[in-house]
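We did not get these values from a lab; they are worked out from the coordinates using the rules stated. Only a predicted model underlies this, so the values are computations on that prediction, with no experimental measurement involved. Cβ: placed from backbone, ideal geometry, glycine included. Neighbour counts: every protein chain shown.
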Amino acid sequence: MNVSEYLDQLAAEGIGESDLSPLQPRLQGRIWERMQPGDGPERLARVIEELRREDGSFHMEGGSWTSNLSWVKGYGDVLSAMERSSAHFEEVTGRLALPTQDSRYRNALFHLLSSQTSCYRYWGQGQWTDYGLEICRRTDEILTHDFHESN
């Protein structure tokens, strides 16, 4: 049963969204206790640093459903590729100021968003990481070749 099917089953049992408790990653609540809406990214960075100094076990790398796996350590290859593809997308599409309805833009965006899924780093090294690297490569190829004439 996937999530949608599970939610449908709950709805069939008369359980609605208002019956469900809010859920957030374990350490996230500590951040929001110190911030107000609109405080901005600089305040967020300061709060995270304060919490790290106060509690050596505080981190922002745990997986949302595990709280014990790093989303960063050991994933340098695929994360670097994701970051490069994202920066490449921004550089190309920003420079050309393409409308979001442009088929080339939409194709590049589809591949970029597909490359960013956590599956490609969560499972560690091997086949899934290779899939992520391949989709990043394809994203970069699309950005290089499909927009070449527009340069």
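Going by C-beta contacts inside 10 Å, put Met1, Met82 in order with the fewest on the left.
Values: Met1 8, Met82 22.
Placing the least packed residue first, the sequence is Met1, Met82.
Kindly state, to the nearest 0.05, the FRET efficiency for Arg34 paired with Asp146, given R0 = 35 Å and r defined as their beta-carbon distance. Please report the intermediate quantities before stating the final value.
Values: r = 45 Å, r/R0 = 1.28.
With R0 = 35 Å, the Cβ-Cβ based efficiency is 0.20.
Report, to the nearest 10°, how far helix 41-54 tilts away from the longest principal axis of the Cα atoms in the chain, using its own Cα long axis and a range of 0 to 90°.
Long axis of 41-54 versus the principal axis of the chain: about 50 degrees.
If you line up the long axis of helix 76-96 against the longest principal axis of the chain, both from Cα atoms, how many degrees apart are they, to the nearest 10?
The answer is roughly 60 degrees.
Provide the net charge surrounding Asp130, with neighbours chosen by a C-beta distance below 11 Å and charges set as Lys +1, Arg +1, Asp -1, Glu -1. Walk me through the numbers before you get to the answer.
Details: positive: Arg137; negative: Asp77, Glu134.
With Lys, Arg at +1 and Asp, Glu at -1, the net is -1.
Let me test this: with uniform point scatterers at the alpha carbons of the stretch 3-54, what is the Debye-based log₁₀ I(q)/I(0) at q = 0.14, 0.15, 0.25, 0.28 1/Å?
Here log10 of I(q) over I(0) equals -0.57, -0.60, -0.93, -1.09.
Counting each DSSP H run of 4 or more residues in the chain as -39500 (n - 2.57), what helix-only mean residue ellipticity at 222 nm follows after dividing by all residues, to the nearest 500 deg cm²/dmol? Before the final figure, lay out the partial values.
Working: 7 runs with 86 residues, N = 151.
After summing the helix terms and dividing by the residues of the chain, the value is -18000 deg cm²/dmol.
With all pairs of different alpha carbon atoms counted, what Kirkwood hydrodynamic radius in Å does the chain show?
Details: mean 1/r = 0.0533 Å⁻¹.
Computed over Cα pairs of the chain, the Kirkwood hydrodynamic radius comes out at 18.7 Å.
How high is the FRET efficiency between Gln24 and Ser86 when r is their beta carbon distance and R₀ equals 22 Å, given to the nearest 0.05?
On the way: r = 25 Å, r/R0 = 1.13.
That pair, Gln24 with Ser86, gives E of 0.30.
Expected output is a single nm value to one decimal: the length gained when fully extending between Asp130 and Asn2, i.e. 0.36 nm times separation in residues minus the C-alpha distance. What is it? Please report the intermediate quantities before stating the final value.
Values: separation 128, 0.36 × 128 = 46.08 nm, distance 2.49 nm.
Extending this stretch completely gives an extra 43.6 nm.
Based on the Cβ-Cβ distance of Glu49 and Leu79, what FRET efficiency does E = 1/(1 + (r/R0)^6) give at R0 = 30 Å, to the nearest 0.05?
Values: r = 21 Å, r/R0 = 0.70.
Efficiency, from the Cβ-Cβ distance: 0.90.
Expressed as an acute angle from 0 to 90° and rounded to the nearest 10, what is the orientation of the C-alpha long axis of helix 3-12 relative to the principal long axis of the chain?
Helix 3-12 sits at roughly 50 degrees to that axis.
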